[in-house]
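Asks: This structure is in structure tokens; I'll ask about it shortly.
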Amino acid sequence: MTENGVKTEEQGHIEAAQPKRIKKKRGDFRFGPTLGEGSYSTVILAREIESGREYAMKVLEKRHIMREKKVPQVEREKQVLSRLDHPFFVRLYFTFQDTERLYFGLSVARKGELLSKIKQLGKFDLECSRFYTAQIVSALQHLHSLNIIHRDLKPENILFNDKMQIQITDFGTAKELKDSGDEPRSSSFVGTAQYVSPELLKDKKACKSSDLWALGCIVYQMLTGQFPFKAPNEYLIFQQIVNCKYEFPEDFDPNARDLISSLLQLDPMMRLGSSSCGGYEKLMEHPFFTGIDWENLANQAAPKTM
Ligand code: ADE
């Protein structure tokens, strides 16, 4: 019997066909160029021979994952991705494995990282920054409504698809919360220096609002091309974060300034978008977002400057 209940010659008898999906295998795909490389995985463009469909195939070496004790991280990524079905997140279509490797079939985000785009353009204009900030807000609203925190939100983890819509990826360090996640809770994970929240540095605690801090850093970076908290080493960056020490360039848009200041609040409960500050409704009402059609964000064309 094959996996989906088809008769085989050796068995010589027929069993009822099972409504079970056939697991895909490496041989079902033609592998093309490498799209990205991480510490624990390689993402390769792969075309499924039968359907002609393209996937970003994340390939993980089992031995390496086990040696580096990353099994829980990989399981978490699969679990979280399988719960996400939203236009602003990379989608997980299937997984399979062979003796040496694990394979995650993801949607292809062909247009690179937000970080590369910021570097390419130097910085984003106001219209572009507004458009992509709104997409990230909409994505976070969905993620947080599922009681999931990303914990490592940064422009390297925000990719673009062919329509130049964001595709948030990298859920290896995400956390599924048992409750609303408004109260900070213990976290052994510390994200990337420039985007890490003060509560994580001070109390080793993270909450949904920690993603809003990262959002504040990303909006600043889109509009200036710089990190808000910058210093020659991580220790000094952390010092600036815990003291919320950053400056705006002269002639900075006042609405953008107000939005960033409202997100970069030391107290997570005081951040715009947190449930204690009116939640996402209040965040979306901020004057920076004037003109944004929140219902239709995923169907709108990206600004021309992109
Ligand atoms: N690099 C990492 N993940 C990717 C994806 N889903 N699409 C394109 N490149 C990627």
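Asks: Those residues that are surrounded by 13 or more Cβ atoms within 10 Å (Cβ to Cβ), assigned to a loop (DSSP other than H, G, I, E, B), of a type outside the set (A, V, I, L, M) and in contact (Cβ under 8 Å) with a residue 12 or more places away in the chain, I need them from region 261-299; list them, please.
Replies: Gln265, Arg271, Gly273, Ser274, His286
Asks: What number of residues in region 83-104 are assigned to a strand (DSSP E or B) and either more than 10 Å from the ligand (Cβ to nearest atom) or closer than 12 Å to Gln165 by Cα (or both)?
Replies: So the count comes out to 9.
Asks: If you take the residues in region 16-46 that are at pLDDT below 95 and loosely packed, with under 11 Cβ neighbours inside 10 Å, which one is nearest to the ligand (Cβ to nearest atom)?
Replies: Once the filter is applied, the top-ranked residue is Glu37.
Asks: Related question: Restricting to region 167-185, give me the number of residues that are more than 16 Å from the ligand (Cβ to nearest atom) and either touching a His at 6+ places or on another chain (Cβ under 8 Å) or under 19 Å from Gly105 (Cα atoms) (or both).
Replies: 1
Asks: Out of all the residues in region 120-131, is one or more under 19 Å from Ser41 (Cα atoms), hydrophobic (A, V, I, L, M, F, W, C) and in contact (Cβ under 8 Å) with a residue 12 or more places away in the chain?
Replies: No; the residues of region 120-131 include none that is under 19 Å from Ser41 (Cα atoms), hydrophobic (A, V, I, L, M, F, W, C) and in contact (Cβ under 8 Å) with a residue 12 or more places away in the chain.
Asks: What number of residues in region 188-202 are surrounded by fewer than 20 Cβ atoms within 10 Å (Cβ to Cβ) and in a loop (DSSP other than H, G, I, E, B)?
Replies: Residues that pass the stated criteria total 4.
Asks: Being out of contact with any helix residue (DSSP H, G or I) (no Cβ under 9 Å at 6 or more places or on another chain) and surrounded by 14 or more Cβ atoms within 10 Å (Cβ to Cβ) is the filter; apply it to region 63-78 and report the residue that is farthest from Ala134 (Cα to Cα).
Replies: Checked region 63-78; the qualifying residue farthest from Ala134 (Cα to Cα) is His64.
Asks: State whether one or more residues within region 133-151 are farther than 21 Å from Leu297 by Cβ, within 16 Å of the ligand (Cβ to nearest atom) and buried (at least 16 other Cβ atoms within 10 Å of the Cβ).
Replies: No, the conditions are met nowhere in region 133-151.
The values are calculated or read from the model by the stated rules, or taken from the named source; none is laboratory data. Keep in mind it's a predicted model, so treat the numbers as computed, not measured. Virtual Cβ from ideal backbone geometry, glycine too; neighbours counted across all protein chains shown.
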